[in-house]
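Each remark here refers to the structure printed beneath this line.
The values are calculated or read from the model by the stated rules, or taken from the named source; none is laboratory data. Keep in mind that what you see is a predicted model, and the values were worked out from it rather than measured. Don't worry about glycine lacking a Cβ; one is built from the backbone with ideal geometry, like all the others, and counts go over all protein chains shown. The protein model used for the area step is the full one, side chains on, heavy atoms only, and it has no ligands, DNA or RNA in it. Shrake-Rupley method; radii C 1.70, N 1.55, O 1.52, S 1.80 Å.
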Amino acid sequence: MPSKKSLSDEIKASILSQHFTDGEKLPSVRKMAANLGVSTGSIVKIYNELEKEGFVKSYSGKGCFWGTKPIGEQVSQIVESDSLEQKFEQDLESGYLNSLSALPSLKELSIHYETSLYHLRRFMSNKVKQGILKKNGIKYFFNEEKEIERNNFIYFVHRSDRLGHFFIDSEREVEVFRTLTQLACEKGISVKFVGYCEKENRLIGSDSKDVFPEKSPWCLGAFISTWLVSSPSVLFSHFAKCTFPISVWWENSVDILAKITSNREKWAYYNVAFGKNIGKIVGDYLRKKNIRAVNYLSPFHNSDWSKKRLDGLRQAGLEVKALVNTRIFSPFEVSQKAVKQKTSPQEYLKSLIRELLPEARPQPFVCANDWVAAVLIEIFEEEGRGRPYVIGFDNTTESYRYSFDSFAFNVETMVKEALYHIISPSKYAFFKKQVQNPPGKVVVKG
């Protein structure tokens, strides 16, 4: 085990070997610590030592810089660069920047970021030097250092029965499945589909045989779905010995992610359906329509996702009347209970909604998902009442059939980023957030 002094010398030597230019801003303490795999405290100590030795100068509120302290025009350039960095990361998360194809032209980006071509060129050149981007002619691309060979493949892991047959019960699952296979095909990467039987805690291939991912030398990485997986950490344990990168389609509360995330270079998480921001986007959309008060209708309010959507609506400044059932967790539980009561899921959900409607106010309805919205419209039609304004979540075929606005989750961006995490250079893992939340949008009907 190396002594503290020798470890300190190794860290310092690693930083010195990066050949920063005079006046160049060093990575933040957090980023440098992640890049070198050491504690933030170690980096703080080394930065202080380098400053005493004359290699580095600190600038209050701006960070550390190589050589002379930036002053005057340099400071404004640093501020401009920091602003561009934030916007760049936000656009990567939203999908405006596509990690699998060419970036917009410099002229388009200059207009989009409201910055000069001079500052933008400096920023892009720095990203090329960092290994994040590459330049081909006048176009910029995210850098792909991994060569994809004929035998390479990726795993797609999804819940299944004991024979490895996938359970796919929702339009979102179908969309993820279709988008992944299409993008992988475009990149010349084959996909091996692996079922996860949670009841038996087994990974199962299409031939119904057990799969041991650590024994797959040609595997580039894995894309793991946690859709309706009750214990994701148990599923992840199957990949503990794997060295390849892993992307996770996260379908659970974002609050528990901190307990299981680790190894930034290996693991990346993508959340499209959980969190307050989804409700807030819908709330902001309604406020632009001059809607200030709504009913929030959810028969599934024993779930984190339903509660967070309600919180988001309120965060947007709406007055919300909560019409909620706190006993049921999800639409799938509704289907299970319907079987026990020997009725159809549609009729069982209709009975749950009817129980909640007496407390409704004469104002628009925000429904927990499109299924609830469609059944609500059916109830109003059956009772001969005028149809209220209704908005749902999921943007399923039901929203088109009944013609109501609905929130669409950003599945395409999630899958693109998940795939790129697998085939990208390791530097990219430290550039982006480990937990990405690609924002969706409201799709207006009529």
Just checking, does region 425-439 include any residue being touching a Gly at 6+ places or on another chain (Cβ under 6 Å), assigned to a helix (DSSP H, G or I), touching a residue at least 40 places away in the same chain (Cβ under 8 Å) and surrounded by fewer than 16 Cβ atoms within 10 Å (Cβ to Cβ)? yes
Which residues, taken from region 123-148, are outside any loop (DSSP other than H, G, I, E, B) and touching a residue at least 40 places away in the same chain (Cβ under 8 Å)? PHE123, ASN126, GLN130, PHE141, PHE142
Of the residues that make up region 373-391, is at least one crowded, with 18+ Cβ neighbours inside 10 Å and outside any helix (DSSP H, G or I)? yes
Starting from region 380-395, take each residue that is more than 14 Å from PHE365 (Cα to Cα) and list its partners that are open to solvent by 70 Å² or more (accessible area, probe 1.4 Å), counting only C-beta distances under 8 angstrom and pairs at least six apart or across chains. GLU381/ARG387; ASP394/GLU171
Considering only residues that are aliphatic (A, V, I, L, M) and closer than 28 Å to ASP169 by Cβ, look in region 212-235 and name the one that is surrounded by the most Cβ atoms within 10 Å (Cβ to Cβ). ILE224
Please determine whether any residue of region 156-163 is open to solvent by less than 70 Å² (accessible area, probe 1.4 Å), in a helix (DSSP H, G or I) and in contact with a Phe, Trp or Tyr (Cβ under 9 Å, 6 or more places away or on another chain). no
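Residue by residue, here is whether (1) open to solvent by less than 10 Å² (accessible area, probe 1.4 Å); (2) touching a residue at least 24 places away in the same chain (Cβ under 8 Å); (3) assigned to a helix (DSSP H, G or I) holds:
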| site | (1), (2), (3) |
| --- | --- |
| ARG121 | no, no, yes |
| ARG150 | no, no, no |
| ILE154 | yes, yes, no |
| ASP169 | no, yes, no |
| ARG172 | no, yes, yes |
| LEU180 | yes, yes, yes |
| LEU183 | no, yes, yes |
Condition set of a type in the set (A, V, I, L, M) and at pLDDT below 75, scope region 257-284, selection farthest from TRP227 (Cα to Cα): answer is ALA258
Check region 95-106 and report whether any residue there is over 21 Å from PRO438 (Cα atoms) and either among the β-branched types (Val, Ile, Thr) or at pLDDT below 85 (or both). no
Region 1-20, subset modelled with pLDDT under 70 and polar (S, T, N, Q), residue surrounded by the most Cβ atoms within 10 Å (Cβ to Cβ): GLN18
Number of the exception - THR397 against (1) surrounded by fewer than 19 Cβ atoms within 10 Å (Cβ to Cβ); (2) in contact with a Phe, Trp or Tyr (Cβ under 8 Å, 6 or more places away or on another chain); (3) within 30 Å of ILE224 (Cβ to Cβ): (2)
